[in-house]
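Visitor: Structure in structure tokens, see below.
The values are calculated or read from the model by the stated rules, or taken from the named source; none is laboratory data. Every value quoted in this text rests on a predicted model; they were computed, and no experiment measured them. Here the Cβ positions follow ideal geometry from the backbone for every residue, glycine too, while neighbour counts run over all protein chains shown. Surface areas here come from the heavy atoms of the whole protein model, side chains and all, with no ligands, DNA or RNA. Shrake-Rupley method; radii C 1.70, N 1.55, O 1.52, S 1.80 Å.
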Amino acid sequence: MRLFPLFADLSGRRVLVVGGGAVAERKVKSLLTSGALVTVGTPQATDALEQLQAQNRIQRLHGHFHPDWLADLWLVVAATDDRELNRRIAELADAQRLFINVVDDPELSSFQVPSIVDRSPLTIAISSAGSAPVLARRVRERIETLFDHTLGSLATLAAKYRPAIRQARPELRPRREFYDWLLDGPVAAALRRQQPEQAAQLLEQALEQPQVTVSGKVLLVGAGPGDPGLLTLKALRALNEADVILYDRLVDASILELARRDAEQIAVGKIPGEDHNATQARIHALMLERAQQGQLVVRLKGGDAFVFGRGGEELEFLRQHRVPYEVVPGITAALACAAYAGIPLTHRDHAQSVRLITAHCRQDTMLEDWPALAQPHQTLAFYMGVSQVDWVARQLMDHGRSGDTPFAIIENGTRESQRVLHGLLKDMAQLARQHEIKAPSLLLIGEVTALAPTLEWFGASIPGH
Ligand code: SAH
């Protein structure tokens, strides 16, 4: 190990930054967050530095560098663009045993500033000892995605209750168990829900119990339309932490590959011959059983769980059985397919509203309001519509929508196999048949879809005229 990592307490300690440009400004700002007494030495400073000086938040030495500037310091940062000057400052600092960082110059530096993941008071610092800053940055990005932002509040809470925890759990092993529970259990969940008082209350209650029990819970997670890059960070974290993943048929295999290796994966889609209610009852029972065993259950659904995903029903069931849950939204097919087909869903000139509609309602008594759907200047997004294209086109035209209205059908949106078929409403049914459009496909109808041929950028496009 070439560099010894250390975290320095700079509060109330004098630090000099030589230089007054953008780089110096960045360094000054980050030093100020640690409470250091910052002095900036430079003939010319950026507006922001001038402002900090006017607010008395930094001290200022004017003119060119002078060796006297190094008196009474704890640290020096050289951020001038003059390498010879930086070298001279470094030599003088070394002679006085002052730690110096020359920005972007590991050779002249006796200390370096790491890349940081800030979940204060928890701080993760990464360094490649100046050999590969890009690598350090990559590692930082990865870590950034792994830990959510409530980790800081959790650390603060743990610090506050540390004496109480020590007192209630004098033995090491039960204490460790308690801390694990703190990180994984309902306290962290309450902080994620932005309910800090409840978090503290749960912690206090648990301290009074002789033992903590890790209770299960369900995360209802939207997996997006297929492209794993469209997962949210929260969804990715859920996949990393899951004990068991209950996934729908629509969830792409490449997304399941991102899950923790030893997480159990169970496909819970419809079994041939089974009706929807039976499928749903089976899923409910499985969620309940696993959560009651104390497992972290990730209920993974295509797109967003609350858009034609029966997410509401699943939550009602969980609430009824007092199983704790959290919901992570996903990118729904309409948003994703439109984006990947180059179709803006609204457009000042063409459409002022969007409607998400299920084409599956055909047998239902609750029929859509076709006269309203047939109005111009709106975008209609039909889900589950492949077998209904004839019917949808006919209904719209019968109710007054022009047969010359453009449409786009996006098949396997955001996936490698994406195809976009576009044409006019009057030809839609015939074109869909001719090109053998299959599920999953999203049906977009409205003026905006005419933009697809000009704005397209992804996958295959089939002009229907
Ligand atoms: N909850 C999901 C929708 C479930 S209904 C969501 O928010 O996206 C299933 C329908 O969604 C499919 O029949 C299809 O119309 C649409 N769909 C889902 N993923 C799709 C994809 N990758 N490409 C095209 N359509 C998709």
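Visitor: Can you tell me how many residues within the range 66-96 are surrounded by fewer than 16 Cβ atoms within 10 Å (Cβ to Cβ), in a helix (DSSP H, G or I) and not hydrophobic (A, V, I, L, M, F, W, C)?
Guide: 8
Visitor: Sort out which residues of the range 376-407 are touching a residue at least 60 places away in the same chain (Cβ under 8 Å) and either away from the ligand (no atom under 14 Å from the Cβ) or of a type outside the set (S, T, Y) (or both), and write them in order of number.
Guide: P376, H377, Q378, T379, L380, A381, F382, M384, listed by residue number.
Visitor: Out of the range 255-301, which residues are open to solvent by 20 Å² or more (accessible area, probe 1.4 Å), under 25 Å from the mean Cα position of the chain (by Cα) and within 18 Å of E326 (Cα to Cα)?
Guide: Of everything in the range 255-301, those that are open to solvent by 20 Å² or more (accessible area, probe 1.4 Å), under 25 Å from the mean Cα position of the chain (by Cα) and within 18 Å of E326 (Cα to Cα) turn out to be Q295, L296.
Visitor: Considering only the range 441-455, I want to know if a residue exists there that is free of Cβ contacts under 8 Å to residues at least 60 places away in the same chain, farther than 21 Å from L250 by Cα and touching a helix residue (DSSP H, G or I) at 6+ places or on another chain (Cβ under 8 Å).
Guide: No, the conditions are met nowhere in the range 441-455.
Visitor: Does V327 fit the bill of being under 23 Å from L191 (Cα atoms), within 16 Å of the ligand (Cβ to nearest atom) and either out of contact with any Leu (no Cβ under 8 Å at 6 or more places or on another chain) or open to solvent by 10 Å² or more (accessible area, probe 1.4 Å) (or both)?
Guide: Judged against the criteria, V327 is a match.
Visitor: Looking only at the range 48-65, which residues are open to solvent by 20 Å² or more (accessible area, probe 1.4 Å), assigned to a helix (DSSP H, G or I) and in contact with an Asp or Glu (Cβ under 9 Å, 6 or more places away or on another chain)? If you could, list the steps in order and put the result at the bottom.
Guide: Residues of the range 48-65 that are open to solvent by 20 Å² or more (accessible area, probe 1.4 Å), as a first pass: 48, 50-51, 53-57, 59-65.
Filter again for assigned to a helix (DSSP H, G or I), leaving 48, 50-51, 53-54.
Selection gives A48 alone.
Visitor: Turning to a different aspect of this structure: Quick check, is L380 closer than 24 Å to R310 by Cα, crowded, with 19+ Cβ neighbours inside 10 Å and out of contact with any Ser or Thr (no Cβ under 9 Å at 6 or more places or on another chain)?
Guide: On the way: closer than 24 Å to R310 by Cα: yes; crowded, with 19+ Cβ neighbours inside 10 Å: yes; out of contact with any Ser or Thr (no Cβ under 9 Å at 6 or more places or on another chain): yes.
The answer is yes for L380.
Visitor: Next up: Take residues that are open to solvent by 70 Å² or more (accessible area, probe 1.4 Å) and tell me which of the helices (runs of 4 or more DSSP H) falling wholly in the range 172-229 contain 3 or more.
Guide: On the way: elements: 172-184, 186-192, 196-208.
Where helices (runs of 4 or more DSSP H) fall fully within the range 172-229 and carry at least 3 residues being open to solvent by 70 Å² or more (accessible area, probe 1.4 Å), they are 172-184, 196-208.
Visitor: Return the residues of the range 221-248 that are within 11 Å of the ligand (Cβ to nearest atom), at pLDDT 95 or above and within 11 Å of R299 (Cα to Cα); say none if nothing qualifies.
Guide: As a first pass, look at the range 221-248 and keep what is within 11 Å of the ligand (Cβ to nearest atom): 222-227, 230, 248.
Within this subset, residues satisfying the condition of being at pLDDT 95 or above are 222-227, 230.
Result: G222, A223.
Visitor: Same structure, new question: Modelled with pLDDT under 95, touching a helix residue (DSSP H, G or I) at 6+ places or on another chain (Cβ under 7 Å), farther than 30 Å from P376 by Cβ and not polar (S, T, N, Q): is that true of R299 in this structure?
Guide: No: the conditions fail for R299.
Visitor: Now a separate question. Inside the range 411-441, can you point out the residues that are touching a Phe, Trp or Tyr at 6+ places or on another chain (Cβ under 7 Å) and within 13 Å of the ligand (Cβ to nearest atom)?
Guide: Once the filter is applied, which keeps residues that are touching a Phe, Trp or Tyr at 6+ places or on another chain (Cβ under 7 Å) and within 13 Å of the ligand (Cβ to nearest atom), the range 411-441 yields G413, T414, Q418.
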